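Laboratory data are not the source of any read-out in this text; all were calculated from the coordinates shown. For clarity, every value in this text was computed on a predicted model and none was experimentally measured. Virtual Cβ from ideal backbone geometry, glycine too; neighbours counted across all protein chains shown.
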Amino acid sequence: MIDFIVYIALFASGAWVGSKACHLKYDSLPWRTMKWNPGCMGYRYAQNGATIAKGEKAYLCLRISTDHLEPGEGLMVYHEED
């Protein structure tokens, strides 16, 4: 019975440490907010302190590095339709 409790405690502590490590990595990514700009008919980086009102189009974005790709190789893009 003690072995079972030890295994559960080890599993729970491992899950907790893994969750914290995942959140640290996720939060350290260079997130940017892009907001629809009707003047140029495209998305632009939102300035610090900008407000996004209800109904406005905005995205949270990450820059994707393509330095590791071989010539002629590409990244598959997946998105869901709105």
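DSSP loop (so not H, G, I, E, B), at most 13 other Cβ within 10 Å: list which chymotrypsin sites (Phe, Trp or Tyr not before Pro) in segment 22-66 pass both filters.
Listed in order of number, the matching sites are TRP31.
Using a Förster radius of 22 Å, what is the FRET efficiency between ILE64 and CYS22 based on their Cβ-Cβ separation? Nearest 0.05, please. List each step's numbers first, then the result.
Details: r = 20 Å, r/R0 = 0.89.
Calculated transfer efficiency: 0.65.
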Nearby lysines by direct alpha-carbon distance to LYS54 (threshold 22 angstrom, same-chain neighbours under 8 apart not counted):
LYS35
What's the Kirkwood radius of the chain in Å, using all Cα pairs?
17.5
Segment SER13-LYS54, length gained on full extension (0.36 nm per residue, minus Cα span):
10.7 nm
Helix-only estimate, please: 222 nm mean residue ellipticity of the chain, summing -39500 (n - 2.57) across DSSP H runs of length 4 or more and dividing by its residues, to the nearest 500.
-11500 deg cm²/dmol
Quick one: angle between helix 2-27 and the longest Cα principal axis of the chain, in degrees between 0 and 90, rounded to 10, please.
20
Can you pull out the trypsin sites (Lys or Arg not before Pro) in segment 30-60 that DSSP calls coil and that have at most 13 other Cβ atoms within 10 Å?
LYS54, LYS57
